[in-house]
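Student: I'd like to ask some things about the structure below.
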Amino acid sequence: MVGALFSMTGMVNENIGIVVTGAFLLAIILYIIFQSHKKAKDDGLLYGVFFLIVYVIEFSIPIALFFWLPNQLENLSGKYFPIKELARWIRWGEIFVAGILFIRSRKHAETRGLTSFLGHYALFFFAWFIDRWSGIIIIALPLLFIYYYVMSRVALEIMPASNLNDKKEKYNRFNVFLSYTWGLQQPIWKTPSNTAQEAEKRIDGAPSFIKAPGMVWTHPHQVIGITEGPKFSVEGPGLIFLKKGKQPFDVMDLRDQSCKSTIKAMSRDGISFEAEVTASFHVDREIWSKEKASKPAACKSHTA
């Protein structure tokens with residue numbers, strides 16, 4: 001009975017292997033076409049064709065190493081010392097080496113990234129060893145679903161929030177937490193509650209080819225400037241999720257502010273005296289337009 005079961009899953013494994021390989025190659029082709037089209041649209045047809053050639057060369061090398069080379073080594077070994085499914089074991093070795101090298105190249109990953117990679121690798125390898133693709137579907141995927149569901153609940157409990165009912169914010173909070181567990185995080189910033197003008201970097205990080213947002217956590221009375229190359233915007237208050245290339249700039253306090261200074265003045269009668277001048281102001285919370293910006297703002301002040 002067990003033999004018949006494995007015979008049935010063997011046919012399923014072959015079909016799934018073909019589907020997964022085809023989907024993987026199709027995803028690469030679509031990515032190359034999308035990126036080349038984007039370059040052609042932004043910089044012209046010549047740049048689009050140039051990057052198309054570059055992408056094809058870049059992806060051809062890892063594809064050849066992952067698909068063509070193991071098959072060649074398996075055929076070569078079959079003439080002298082045949083090893084069953086040698087190509088598949090070589091691919092598992094390639095995945096292991098590539099994953100370790102990538103995680104070790106991330107200086108901010110520390111042991112978190114290595115632990116996450118080894119745990120996932122061991123689970124998939126064990127499921128594959130039991131019954132190839134059927135083992136992955138029956139064993140690995142349900143366990144990963146449970147793991148990531150628990151991780152999402154943990155993330156929503158420990159990550160700060162601005163709006164507990166915002167689905168997009170929930171997704172970004174989980175994404176930031178998940179990228180941290182893998183060591184793929186972008187920097188996470190926190191603004192002080194005092195009058196400091198710069199955000200504090202609580203967790204360091206750097207972008208990677210896997211998209212993960214950075215995060216700035218501001219108090220309710222603060223907004224913060226965000227730079228993206230020559231572009232500048234103001235966002236907040238609350239949680240702000242930063243895409244690749246964006247950096248926090250100055251912190252602006254929305255509360256009423258006052259400045260006091262002692263000045264020397266002279267009365268109409270020519271008598272010199274000293275006076276304390278206090279100016280009270282706050283940053284306008286309204287969205288400004290060019291029409292509003294052209295009008296002079298009122299400034300309240302009084303002399304003590």
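The values are calculated or read from the model by the stated rules, or taken from the named source; none is laboratory data. Bear in mind the structure is a predicted one, so any value in this text is a computation, not a measurement. All Cβ positions, even for glycine, are placed from backbone atoms using ideal geometry, and neighbour counts span all protein chains on display. Just so you know, the surface numbers come from the protein's heavy atoms only, side chains and all, with ligands and any DNA or RNA stripped out. Shrake-Rupley method; radii C 1.70, N 1.55, O 1.52, S 1.80 Å.
Student: For the chain, build the charge dipole from Cβ charges (+1 Lys, Arg; -1 Asp, Glu) around the Cα centre, then report which of PRO213, SER233, LEU143 sits farthest towards its positive end.
Tutor: The one lying farthest along the dipole's positive direction is LEU143.
Student: I need the Kirkwood Rh of the stretch 184-245: take the reciprocal of the average 1/r across all distinct C-alpha pairs and report it in angstrom. Present the calculation step by step, with values, prior to reporting the outcome.
Tutor: Numbers: mean 1/r = 0.0824 Å⁻¹.
One over the average 1/r among Cα pairs gives 12.1 Å for the stretch 184-245.
Student: Next up: Do the sum for the chain: with -39,500 (n - 2.57) for every DSSP H run of n ≥ 4, divided by all residues, what is the mean residue ellipticity at 222 nm, to the nearest 500 deg cm²/dmol?
Tutor: On the way: 8 runs with 154 residues, N = 304.
The per-residue figure over the chain is -17500 deg cm²/dmol.
Student: Can you tell me how much longer the chain between VAL49 and PHE129 gets when fully stretched, taken as 0.36 nm per residue apart minus their C-alpha distance, in nm with one decimal?
Tutor: Full extension of this stretch gives 24.5 nm more.
Student: Here's something else I'd like to know. Let me cross-check ARG255: its accessible surface, 1.4 Å probe, with only protein heavy atoms counted, in Å² to the nearest 10?
Tutor: 100 Å²
Student: Then there is this: On C-alpha positions alone, give me the angle between the axis of helix 141-158 and the longest principal axis of the chain, in degrees, nearest 10.
Tutor: With rounding to tens, the tilt is 10 degrees.
Student: Now, a different point. Per residue, how large is the accessible surface of the chain? Use a 1.4 angstrom probe and give square angstrom.
Tutor: 69 Å²
Student: May I ask you to derive the FRET efficiency for GLN247 and ALA27 from their Cβ-Cβ distance with R0 = 35 Å, giving the value to the nearest 0.05?
Tutor: 0.65
Student: If I take every Cα pair under 8 Å that is 6 or more residues apart in the chain, average their sequence separation and divide by the length, what percent do I get for the relative contact order? The partial results should precede the final answer.
Tutor: Working: 361 pairs, mean separation 28.3, N = 304.
Reported relative contact order: 9 percent.
Student: Expressed as a whole percentage, what fraction of the accessible surface of the stretch 26-73 belongs to carbon and sulfur atoms when a 1.4 Å probe is rolled over the protein heavy atoms? Mind showing how you got there, number by number?
Tutor: On the way: 2760 of 3580 Å².
Reported share for carbon and sulfur atoms: 77 percent.
Student: My understanding is that a pair violates if its Cα-Cα distance is over 28 Å; which of LYS39/LYS170; LYS41/LYS211; LYS107/LYS211; LYS168/LYS190 do that in this structure? Mind showing how you got there, number by number?
Tutor: Working: LYS39/LYS170 33 Å; LYS41/LYS211 22 Å; LYS107/LYS211 17 Å; LYS168/LYS190 20 Å.
Exceeds cut-off: LYS39/LYS170.
Student: Find, among the trypsin sites (Lys or Arg not before Pro) in the stretch 174-216, those assigned to loop by DSSP (not H, G, I, E, B) with at most 12 other beta-carbon atoms within 10 angstrom.
Tutor: Values: sites: LYS190, LYS201, ARG202, LYS211; in loops: LYS211.
Qualifying residues, ordered by number: LYS211.
Student: Right, something else. Quick one: among ILE263, ILE29, ILE103, which has the greatest mean-square fluctuation in a GNM of the chain with alpha-carbon springs under 10 angstrom?
Tutor: The residue with the greatest mean-square fluctuation here is ILE263.
Student: Work out the length of the dipole vector of the chain about its Cα centre, built from +1 on the beta-carbon of each Lys and Arg and -1 on the beta-carbon of each Asp and Glu, and round it to the nearest 20 debye.
Tutor: The dipole magnitude comes to about 200 debye.
Student: I would also like to ask the following. Tell me the label-point distance for the pair MET151, GLU58, using the 7 Å Cα-to-Cβ offset, in nm and rounded to one decimal.
Tutor: 2.6 nm
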